[in-house]
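Data first, discussion second: the structure below is written as structure tokens.
The values are calculated or read from the model by the stated rules, or taken from the named source; none is laboratory data. Model, not experiment: these values are computed from the prediction. Neighbour counts are summed over all protein chains in view; Cβ atoms, including those assigned to glycine, are modelled from backbone coordinates with ideal geometry. SASA here: full protein model, heavy atoms, side chains in, ligands and nucleic acids out. Shrake-Rupley method; radii C 1.70, N 1.55, O 1.52, S 1.80 Å.
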Amino acid sequence: MRTVASIALDATCYGMTLFMISVGLSVMMGLMRIVNLAHGAFAMIGGYIASYASVSLGLNYAIAIPLAALCTILVALPLEVVLYRRLYANSDALTQLLLTIGITFLIIGVANYVFGPTLKKIPLPASLSGPFDIGFRMLPTHRIFVLACGCATALALWLLLERTEFGIRVRAAVDNAGMAEALGIRTSRIYLATFCIAVGLAAFGGVVGAELLPIEPYYALRYMVIFLVVVSAGGAGSIAGAFLASMLLGLADTTGKYLMPEFGEFFFYSAVILIVAIFPNGLLGREH
Amino acid sequence: MRKFAVSLTAFAACLFAGTAMAADPIRVGIVGTMSGPYALFGQNFKRGIDAWVAQNGNKVGDIPVEFIYRDEEAPNPAKSRALAQELIVKEKVQYLAGFYFTPNALAVAPLLGESKTPLIVMNAATSAIVEKSPYIVRTSFTMWQNTKPAALVAKERGAKKVAIAVSDYGPGLDAEAAFKGTFEAAGGTVVEAIRMPLATTDFSPIMQRIKDSGADTVFTFLPSGPPTLGFVKAFIDNGLKASGVKLMSTGDVVTEPDLPNIGDAGIGILSTYHYAVSHDSPENKAFIDQFVKDGGKFDEIAMTSVAAYDGARLIYKMIEATKGQRDPDAAIAAVKSMSWVSPRGPVSIDPETRHIRQNVYLRELVKVDGKLLNKEIQTFEAQPDWALSKK
Amino acid sequence: MATRAGPSGIASGLLSPELLGFLVVWALGTVGYVLFPDDLAFLTRIVSIAFLVLSLDLVTGYCGVATLGHAALFGIAAYAAGNAARAGWADPLVLLAIGALVGAVSGLATGALIARFRGLPQLVLTIAVGQLVAALCNKLGWLTGGSDGLSDYTVGPLFGRIAFDMYGRVAFLMSVAILAVVFALLLRIVRSPFGLLTRAIKDDTVKARMIGASIYPRLVAMYGLSGAVAGIGGALGAITAGVVGLDGVSFERSASALVMLVLGGAGNLWGALAGTLVFHVFEHLVSTANPFHWMSLVGAMLILVVVFAPRGLSFGAIVLWSKLRARSP
């Protein structure tokens, strides 16, 4: 019984980390219809900035996180203006893949050049590091922080998209850009804002998830598949879907690794195949 | 056909050019991971060789030596073979060296006989490589070599029940077999042998499994990089360390470049390895001074630089013995049973296996003057590759 | 060399685009052979990858299936060829046939699953299947050699007589000859009613269904064909490299093949060929010049292509080709 509870807890924590690092991509893919393979690259930039801010500038973790998100948005903005904007009108999936892989390669190369090939640490404050006794077992303190961040992010995004004027405009622009434009909604601004949110979330997730997915130049390529898979299984653009898929895949992965570690990867990808085969648009995705 | 004949003659001419003009440089082709996730180790090849050249000059006698680098990038045997072929045929190298990954080294082995090119393996650690061609010498290590002492230490220090957790790929399976065989032969019990997928990021379920097994000691091997860090952190953060479970590993898990990331929580981890940056000897000091003087960062010294440094020593010896001629048999004969003092300690080339015989050290992760390092606390002298040699 | 490329007996049976394809591949091969006699191993590797990219074009360019797991077909066939050689079937042509067969079977099997879906779910399925195959190949060490690779096999001489040499001459000429034939055949197939129909399916599924085309079996059949082509490439790699590694089934291999295809221009076999060639030559030049930082330059090139030639490098070639076709009756 204790073991079951323990595994369930590990699965929840892992699922939440998956959610944190991929929700930005869900926003991008669902609302802007862009299969952004460079999502991991943005997360990685966030991680590097947070690492630089806390190690070299000595800033507090609590300051380093928003700073990382903000700076990553600033870095990504020119990319939106010069490159991503081209993709909004042209929905050819292959062009999107080529461009975003190109961006990923470029960012990896630059990161490797600037920061070197080694892992970069984002030191945790003492209050978030080490084990935490929750009664029946020890849990990494940072996982609790990730749980809180994940819940807060999910709630905030849901409120933003469902309960605000901005959310209505976004959904209008997504459903019918021409009609929205005719109604006086400036879709290019909406897209820009959504892009910034997605990139900010990527950076946020990159920093918070760095305990499990450490920051190094090949981060962007190494975990590219995981992000894409989680978002698709949940249904692109659905916050609740991404949440659910993260939890399910987290559970499949954690349980699988506990029961039969030597077949660990099989559980994760079999679960993906099963989910996608039964729900082609993702768990909570809408038909496009 | 005529073209074929011409290029054949040209090639033959190049072969004999050495006799005519002794001043022609001997070229050495180095294939290593210069870019990609393993770039640190390939760049360490270059730094190690640079350090050797800086200390010993770029000539053997009056024969200049030139090193040419190619990027193997990732495990990709077809690419490595093409690179080696290009180096042999186009760049006319007389020696090949480097190779971080086992499949890449294996792909090159069949070329060596026909082209009469000795190969000095500077990393790829699967035992069988040296058996693929009589022209292969290795200056790195094998999993068996480093793991057997770990099992002996575990036994010595009173471990009764051990859980083994290794990455699920070739070297991991070697480490598991070596530890299990040795530990059980010494009378210990292995209560759990976990094989973890290479792409594992969350090690919590593995830790849970170890906890459930009731082991008092964990032995682990993972390839250096993001997973090692995740494993050590999970070990600490899931409370295993606090509950008194001991962690032992090969040095791959606590490589010096990773130590700052592991942090103070890692203090006390035991590992067995053939080289520690902190190794206290005049040879190592001279080596590291040179490494840093040439622009290398102290925190980025990896074991591949020492393997390359020693490899360069072998190449110089071979060139000297063959007077710059392409004579792989004489070259290999010259280094068989050669012994010297490396930055890692006294070493020799085993004449039977052509693999390096070296001390393996038990190290403990400690903090000295605010810097984490692996401190050598016990020495296992002149260890062979236990998979190939029995004594 | 050129005289071997013009057996007019074959030419008379084929229409001009096929002959053109055959001749161009041979011309390129001859140029490579004459100008870069020391780089034949590198060129042979390009040929082997070209099969993978051509194969990808069949499903991606012609059927609209977006896949990031295509290397699975390539890699499985390579392992099959390697194992066949290990079991004593040393003849390279037999090994190629085995590769093609195993590739076709794997193509049919995965196609049967993947062709049921469209769009994003399809892309994700290809990834998941690809990852499963890669994990499986790592696990089945007795069959694949695991991470060390499969290397304990030898390939006999071509036609029982011509041994593979260190300079890679035999391997290269054999590879080019097979590529020329396969390329010409593929050009023929994509212009056949079957090929045209798959293209109609890609452009407009509904319309294709309305004219009475049953879509699914045709997609699966195309997947089988694609698997055979990829299989030849994989077997070729196994024969010429002498080692089969896990890289052959990796996500990176799939992704880079897709990049090459889009770079050259999907939906056009010439584009697949051009993309493979340009990508490799560019990568080779840049990584030889600076092995430490070639990746950013490759990335920059991809971005520039999207900005300035969004339809792929072969777009200009398409224009040229249609002009040529317009001229021939």
Total accessible area buried between chains B and C, 1.4 Å probe, in Å² to the nearest 100?
3000
Give me the inter-chain shielding for A:227-235: mean count of other chain Cβ atoms within 10 Å, whole number please.
3
Can you figure out the FRET efficiency of A:Leu259 with B:Ala330, using R₀ = 51 Å and their beta-carbon distance, to the nearest 0.05?
0.35
Taking only Cα atoms and a 10 Å spring cutoff, compute GNM fluctuations for chain B and point out the largest among B:Val130, B:Val89, B:Val292.
B:Val89
Peptides ranked, highest mean first, by Cβ atoms within 10 Å: ranges B:30-42, B:132-144:
B:30-42, B:132-144
Rounded to the nearest 100 Å², what's the accessible area chains B and A bury against each other, both chains counted, probe 1.4 Å?
2900
Tell me, what is the per residue accessible area of the stretch C:17-250 in Å², probe radius 1.4 Å?
33
For the pair C:Arg118/A:Leu160, report the inter-label distance in nm, with labels modelled 7 Å from Cα in the Cβ direction.
3.2
Could you tell me the total accessible area buried at the C-A interface, probe 1.4 Å, in square angstrom to the nearest hundred?
3400
Just list whichever of B:Lys160/B:Lys241; A:Lys121/B:Lys79; B:Lys241/B:Lys297; B:Lys92/B:Lys317; B:Lys246/C:Lys139; A:Lys121/B:Lys375 have alpha carbons separated by over 26 Å in the model shown.
A:Lys121/B:Lys79; B:Lys241/B:Lys297; B:Lys246/C:Lys139
Picking from B:Ala109, B:Ala78, B:Ala150, which is most flexible by a Gaussian network model of chain B using Cα springs under 10 Å?
B:Ala78
Along the stretch A:168-178, what does the Karplus equation 6.51 cos²θ - 1.76 cosθ + 1.60 (θ = phi - 60°) give for ³J(HN,Hα), rounded to whole Hz, x for Gly and Pro?
4, 4, 4, 5, 5, 5, 6, 5, 7, 4, x
On the accessible surface of the protein assembly as shown, probed at 1.4 Å, how many percent belong to carbon and sulfur atoms?
64
Based on Cβ point charges of +1 for Lys and Arg and -1 for Asp and Glu, what charge dipole magnitude is obtained for the stretch A:212-288 about its Cα centre, in debye rounded to the nearest 20?
140
List the residues of the stretch C:124-154 whose accessible area drops by at least 30 Å² when all protein chains are present, compared with their chain alone, using a 1.4 Å probe and counting only protein heavy atoms.
C:Val124, C:Leu125, C:Ile127, C:Ala128, C:Gln131, C:Leu132, C:Ala135, C:Asn138, C:Lys139, C:Ser147, C:Asp148, C:Ser151
How well do other chains shield peptide C:35-47, expressed as the mean number of their Cβ atoms within 10 Å of each residue Cβ?
5
So if R0 is 30 Å, what FRET efficiency would B:Lys285 and B:Met338 give, r being the distance between their Cβ atoms, rounded to the nearest 0.05?
0.85
Could you rank the peptides B:94-107, A:45-58, A:27-40, A:62-75 by their average count of other C-beta atoms within 10 Å per residue, with the highest value first?
B:94-107, A:27-40, A:45-58, A:62-75
How shielded is B:97-109 by partner chains, expressed as the average number of their Cβ atoms within 10 Å of its Cβ atoms?
4
For chain C, whose charge dipole is built from +1 on Lys and Arg Cβ atoms and -1 on Asp and Glu Cβ atoms, the candidate among C:Ser48, C:Leu297, C:Gly111 with its Cα farthest towards the positive end is C:Gly111
Honestly the stretch C:17-250 on the Cα gyration tensor test (a ≥ b ≥ c root eigenvalues; a/c under 1.5 rounded, otherwise a/b vs b/c for prolate or oblate) is just oblate
So how do B:234-243, A:112-121 stack up, highest first, on mean other-Cβ count within 10 Å?
B:234-243, A:112-121
Diffing the stretch B:81-87: the Karplus 3J(HN,Hα) column from phi (6.51, -1.76, 1.60, θ = phi - 60°), in whole Hz with x for Gly and Pro, holds 5, 4, 5, 5, 4, 4, 4
Return the lysines within reach of B:Lys293: Cα separation strictly under 17 angstrom, same-chain partners fewer than 8 residues apart disregarded; answer none if there are no such residues.
B:Lys46, B:Lys285
For chain B, with every protein chain kept in place, what is the accessible area per residue (1.4 Å probe, Å²)?
34
For chain B, calculated [θ]222 nm from helices alone, where every DSSP H run of n ≥ 4 adds -39500 (n - 2.57)
-13000 deg cm²/dmol
If amide H atoms are modeled at 1.01 Å from N in the peptide plane, then the residues at a separation of 5 or more from B:Ile136, or on another chain, having amide H under 5 Å from its own are B:Leu119
If you average the C-alpha positions of the stretch A:39-60 and of the stretch B:254-332 separately, how far apart do those two centres end up, in angstrom?
31
Using only the Cα atoms of the protein assembly as shown, build the gyration tensor, take square roots of its eigenvalues as a ≥ b ≥ c, and label the shape rounded, prolate or oblate: rounded if a/c is under 1.5, else prolate if a/b is larger than b/c, else oblate.
oblate
Length gain on complete extension for the stretch C:Val94 to C:Ala300, per 0.36 nm per residue less the alpha carbon to alpha carbon distance?
70.0 nm
